[in-house]
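A short worksheet on the structure shown next.
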Amino acid sequence: MEKTKDVIRPTDADAIRLARTLIRSARYGAIAVLDPETGAPLASRVGVATDIDGSPLILVSMLSAHTRAIIADPRCSLLLGEPGKGDPLAHPRITLVCRAGRLERDTPQQARAERRYLNRNPKAQLYVGLGDFSLFRLEIECGSLNGGFGKAYNLTAADLLTDSPALDALAESEQSALDHMNADHLDAISVYARHFANASGEGWRVTGFDADGVDIASGDEVRRIFFPQPLSDAGELRKILVEMAKAGRAALGVGVREETSVPP
C-alpha cells in the first residue's frame, strides 16, 4: 500500500512568527470546553488578550456555561485567527491546546493580567469589576497552526511563548512606557504602524510591550510588530523604539527628528 503522505510541515521560523502573530493580535477567539454535565464539547466566543509571555487571557462571567466548564475541567482549546475576503479556510488560524487557570483577585498576577486585558479591550472596563466576572490565564500546552491550504504545523509551547529574562522588569515598567508613548509620541506610533505593520489610517496607539515586540491598535484593528531582535533587558526598550522610529521615518521619507523627540 502507498504510504500516507505526512501533511504536517517541519516547524520553521516563519511558522513560529505567524503563530505568535495570530496569538498576539487576536481580539477574540472561539473556546472549546467539555460540558461537565453531559461531557459533550461546547464552543463559545470569548474576548482575548495576552499576558506578558504570550499566554492568552480571557475575561468571562461565572454565569456562562463555558466558565463553569473550565472550572470543572480546565482542559480547553482556543481557536484564533480572523477570516478575510474570499474563502475563510484560506486564511491562517491556530488552535491552542490549553489548561485554564482562574486568577485570584488582589494578586500581582491578576493585576497585571487585568491591566493588559483592558489595554487591549478598553470597553471591558464596564464589567471587569463586576463580582461575577473573572480573568483566566490559558496555559498553552501545544498548538496546531494552519497557515492556509497545505501549510499545517504542530508547535510546542516553547514555539509559541516568549521566554526572556526581561519579562518581569518589562511587566513592572510597561504601563508607564505605554502611557508615555500614547501621550507624547503618537507620531512615532504612526510611523511604526505605516512602516513596520504596513497599516493605514490614523489613531494608532500602543496597547502592549513584551520582549519580542509591540502591539498597536486603532479602533477594532490590531497589528503586531516584532522588534528586530528580542529584548534581553528591559532597559533596551527605549533604544530599540528610538532606532525603529528613525528607521521608519527615513524609509517613509518623513524626516528624522531629534532624539529628544523620539520615544520614550
- Note on the structure: If we keep only residues of the stretch 8-54 that are surrounded by 15 or more Cβ atoms within 10 Å (Cβ to Cβ) and among the acidic types (Asp, Glu), then the residue farthest from residue 222 (Cα to Cα) is 35
- Task: Tell me which of these residue 251 doesn't satisfy, since it passes every other one: (1) touching a His at 6+ places or on another chain (Cβ under 7 Å); (2) of a type outside the set (D, E, K, R); (3) open to solvent by 40 Å² or more (accessible area, probe 1.4 Å); (4) at pLDDT below 95.
- Result: (4)
- Message: Tell me yes or no: at least one residue of the stretch 138-151 is under 23 Å from residue 121 (Cβ atoms), modelled with pLDDT of 95 or more, among the β-branched types (Val, Ile, Thr) and in the same structural domain as residue 99 (by the TED database).
- Response: yes
- Mind checking which residues of the stretch 197-231 are under 21 Å from residue 158 (Cβ atoms), surrounded by fewer than 19 Cβ atoms within 10 Å (Cβ to Cβ) and touching a Ser or Thr at 6+ places or on another chain (Cβ under 7 Å)? 230
- Query: If you go through the stretch 142-155 one residue at a time, how many are among the hydrophobic types (A, V, I, L, M, F, W, C) and either free of Cβ contacts under 8 Å to residues at least 12 places away in the same chain or crowded, with 18+ Cβ neighbours inside 10 Å (or both)?
  - Reply: 2
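Of all the strands (runs of 3 or more DSSP E) wholly in the stretch 24-97, which have at least 2 residues that are at pLDDT below 95 and not basic (Lys, Arg)?
Fully inside the stretch 24-97 and qualifying: nothing.
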- Working only within the stretch 58-81, note down all residues that are touching a residue at least 40 places away in the same chain (Cβ under 8 Å) and either open to solvent by 50 Å² or more (accessible area, probe 1.4 Å) or touching a helix residue (DSSP H, G or I) at 6+ places or on another chain (Cβ under 8 Å) (or both). 59, 60, 61, 62, 63, 75, 76, 79, 80, 81
- Query: Is it true that some residue in the stretch 105-124 is part of a strand (DSSP E or B) and surrounded by fewer than 17 Cβ atoms within 10 Å (Cβ to Cβ)?
  - Reply: no
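Picking from 183, 158, 169, which residue would you name as being farther than 21 Å from residue 246 by Cβ, in a helix (DSSP H, G or I), without any contact (Cβ under 8 Å) to a residue 24 or more places away in the chain and of a type in the set (A, V, I, L, M)?
Details: 183 fails: farther than 21 Å from residue 246 by Cβ; 169 fails: without any contact (Cβ under 8 Å) to a residue 24 or more places away in the chain.
Exactly one residue qualifies, and that residue is 158.
The values are calculated or read from the model by the stated rules, or taken from the named source; none is laboratory data. Computed from a predicted model, the values in this text were never measured in an experiment. Here the Cβ is made from the backbone with ideal geometry for all residues, glycine too, and neighbour counts use every protein chain on show. Note: accessible area is taken over every heavy atom of the protein model, side chains too, but ligands, DNA and RNA are not part of it. Shrake-Rupley method; radii C 1.70, N 1.55, O 1.52, S 1.80 Å.
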